[in-house]
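J.: Sharing a structure, written as structure tokens. Questions coming.
Just so you know, all these numbers are worked out from the coordinates, no wet-lab data involved. Because the structure is a prediction, the values reported are computed rather than measured. Quick reminder, even Gly has a Cβ in these numbers, built from the backbone with ideal geometry, and neighbours come from all protein chains shown.
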Amino acid sequence: MTSPFYLDCDTGIDDALALAYLLASPQADVRGIGAVSGNVSAAVGARNTLDLLELAGHAHIPVALGAHDPLSGSFGGGAPHVHGSNGIGEVTLTTAEAHLASETAPEMLVRLAHEYPGTLRVLAIGPLTNIAEALRLDPELPGLVEEITIMGGAALAPGNITRVAEANIANDPEAAALVLAADWNVTLVPLDVTMANVLEESHRQELLASSLPVPKALGEMLGYYFRFYEGIYGRACSAMHDPLAAALAVGAVTAAVAPVVHVEVDTTSGPGRGQTICELRGLYMDYPEQLGARCRVVLSLEDDFAPHLVETLLAFGVSEAIPAAPVLLSQPN
Ligand code: BDR
Ligand code: CA
């Protein structure tokens, strides 16, 4: 079954993988994409998204600009040490001709929810500012969305921005608190599972060896990402945050442990700011039901994710006869 999707992202190398994965998935029909500041500014993320869509032969999908600043404070400049100064590992893509949508990202989400009531799926793989703004625009939104899948947070794992906070939540804790308190079906894909599923250099080489433009470009971008993660894992490889959230959102991979629990976001200004405090004290009794809880927190998967991801990306465009687009790939030495 194919579901309509709204994607909210801060494109970003792993966001680029998630976008490609979603476009390649028969279960997803991407109806609109919103950009938010995170890895890069919302404007740069939107540019990257337009260029990737062009490369992928999906330039018809509308891209809307979203929030530059978080609900409280201002954009901190992104993560060039992780994603490169342009967000896509210093790879240069042909500039797309398509322009940004005339609506904002929160407006786009609200419009799509009304166009596809009860069936729209939301995948949020950046800070949650646009989603929180959409909730403010239309408080009925949760009742219209079938499910929202969020890459973010750390349940039992350490954070990646502070000892306890993960980047997407840390970049806008107030927005995350609003979104996680809303009355909808939420699947949270935290660092616990995304750090445990790793893409290896052999997988990157498979992507690089492809004659198709999208997997090849992703392989190039991953070179930069791998260099950052070498400092964390001790070898050339990377976590797969956003594509894993995409795969869970389309239902292509199965969670092994994913209790439905209460989750609260720390919005204080102390050392816990941005922490996703998950009620996991049921661990020793196989997580008994928590009354009123609606956040499914994915802690582990049934199967290793990397082979499925690589297989899906390598098949990208094979059946869609994408012309060999004029793509300019360049990387620093
Ligand atoms: C998340 O933060 C961003 O840097 C990645 O794109 C991902 O969405 C991981 O913490
Ligand atoms: Ca992201």
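J.: Picking from Ser300, Ser37, Ser211, which is most flexible by a Gaussian network model of the chain using Cα springs under 10 Å?
T.: Ser211
J.: Viscosity 0.692 mPa s, temperature 37 °C: give me the Stokes-Einstein translational D for segment 156-287 in µm²/s, with Rh taken as the Kirkwood radius over C-alpha pairs.
T.: 197 µm²/s
J.: Quick one: net charge around Leu128, please, counting Lys, Arg +1 and Asp, Glu -1 for every other residue with C-beta under 10 Å from its C-beta. Don't skip to the answer; put the middle values down first.
T.: Values: positive: none; negative: Asp8, Glu133, Asp172, Glu174.
Taking every other residue near Leu128 into account, the sum is -4.
J.: Ordered by packing density, taken as the mean number of other Cβ atoms within 10 Å over each peptide's residues, highest first, how do 53-60, 69-76 rank? Mind dumping the intermediate values first?
T.: Working: 53-60: 18.4, 69-76: 14.6.
Per-residue mean Cβ counts within 10 Å order the peptides as 53-60, 69-76.
J.: So, one more: Order these by the 10 Å Cβ neighbour count, fewest first: Arg227, Arg47, Arg296.
T.: Values: Arg227 15, Arg47 23, Arg296 19.
So the residues, fewest neighbours to most, are Arg227, Arg296, Arg47.
J.: Name the most mobile residue of Pro158, Pro259, Pro215, meaning the one with the largest mean-square fluctuation, in a Gaussian network model of the chain with Cα contacts below 10 Å.
T.: The residue with the greatest mean-square fluctuation here is Pro158.
J.: Restricting to bridges with both residues inside the chain, how much of the DSSP beta-bridge set is antiparallel, in percent to the nearest 5?
T.: Values: 11 of 37 bridges.
Of all bridge pairs located within the chain, approximately 30 percent are antiparallel.
J.: Cα gyration tensor of the chain, axes a ≥ b ≥ c as square roots of the eigenvalues: rounded (a/c below 1.5), prolate (a/b > b/c) or oblate?
T.: Values: a/c = 1.44, a/b = 1.26, b/c = 1.15.
Rounded is the answer for the chain, as its axis ratio a/c remains below 1.5.
J.: For a label point 7 Å from the Cα of Arg281 along Cα→C-beta, name the residues of segment 180-219 whose backbone N is under 18 Å from it.
T.: Within reach of a label on Arg281, which here means backbone N under 18 Å from a point 7 Å along Cα→Cβ, segment 180-219 contributes nothing.
J.: I need the fraction of alpha carbon pairs in segment 82-220 separated by more than 25 Å, rounded to a whole percent.
T.: Details: 4209 of 9591 pairs.
Cα-Cα pairs in segment 82-220 separated by more than 25 Å: 44 percent.
J.: Among bridges DSSP assigns within segment 164-311, what percent are antiparallel (round to 5)? Don't jump to the answer; show the numbers that get you there.
T.: Numbers: 11 of 14 bridges.
Around 80 percent antiparallel, to the nearest 5.
J.: Can you give the calculated 222 nm mean residue ellipticity of the chain, where each DSSP H run of n ≥ 4 adds -39,500 (n - 2.57) and the sum is split over every residue, rounded to the nearest 500 deg cm²/dmol? Show your work: numbers first, answer last.
T.: Values: 13 runs with 119 residues, N = 333.
After summing the helix terms and dividing by residue count, I get -10000 deg cm²/dmol.
J.: Shifting gears a bit: Under the classification rounded if a/c is under 1.5, otherwise prolate if a/b is larger than b/c and oblate if not, where does segment 230-302 fall, given a ≥ b ≥ c as square roots of the Cα gyration tensor eigenvalues? It would help to have the intermediate numbers written out before the result.
T.: Values: a/c = 1.92, a/b = 1.19, b/c = 1.61.
Note, shape of segment 230-302 comes out oblate.
J.: Now for a different question. Between Rg and the Kirkwood Rh of segment 1-154, both from Cα atoms, what is the Rg to Rh ratio? Walk me through the intermediate numbers first.
T.: Details: Rg = 14.4 Å, Rh = 15.3 Å.
Rg/Rh: 0.94.
J.: What is the ratio of the Cα radius of gyration of segment 61-137 to 2.2 N^0.38 Å, where N is its residue count, to two decimals? Could the numbers behind the result be given before it?
T.: Numbers: Rg = 14.7 Å, N = 77, 2.2 N^0.38 = 11.5 Å.
Normalised Cα radius of gyration, segment 61-137: 1.28.
J.: Could you work out the relative contact order of segment 1-137, using alpha carbon pairs under 8 angstrom and six or more residues apart, expressed as a whole percent?
T.: 33 percent
J.: Positive end of the dipole of the chain, charges at C-beta (+1 Lys, Arg; -1 Asp, Glu), about the Cα centre: which of Gly219, Pro4, Gly292 has its Cα farthest in that direction?
T.: Gly219
J.: May I pose another question? Listing Glu302, Glu146, Glu115 from the residue with the fewest other Cβ atoms within 10 Å to the one with the most, what is the order?
T.: Working: Glu302 10, Glu146 16, Glu115 13.
With the fewest neighbours first, Glu302, Glu146, Glu115 line up as Glu302, Glu115, Glu146.
J.: Using the Cα centre as the reference, give the magnitude of the dipole from point charges on the C-beta atoms of the chain (Lys, Arg: +1; Asp, Glu: -1; all else neutral), rounded to the nearest 20 debye. Spell out each step's value before the answer.
T.: Details: 14 positive and 39 negative charges, 78 e Å.
Dipole magnitude for the chain comes out near 380 debye.
J.: By count of other Cβ within 10 Å, fewest leading, how are Tyr21, Tyr224 ordered? Kindly include the intermediate steps, with their values, before the conclusion.
T.: Numbers: Tyr21 26, Tyr224 22.
Lowest to highest Cβ neighbour count: Tyr224, Tyr21.
J.: Name the most mobile residue of Thr11, Thr187, Thr104, meaning the one with the largest mean-square fluctuation, in a Gaussian network model of the chain with Cα contacts below 10 Å.
T.: For the chain, modelled as a Gaussian network with Cα springs under 10 Å, the answer is Thr104.
J.: Given axes a ≥ b ≥ c from the Cα gyration tensor, I'd like to know whether segment 122-161 is rounded (a/c under 1.5), prolate (a/b larger than b/c) or oblate. Don't skip to the answer; put the middle values down first.
T.: Working: a/c = 3.01, a/b = 2.04, b/c = 1.47.
Since a/c reaches 1.5 and a/b is larger than b/c, the shape of segment 122-161 is classed as prolate.
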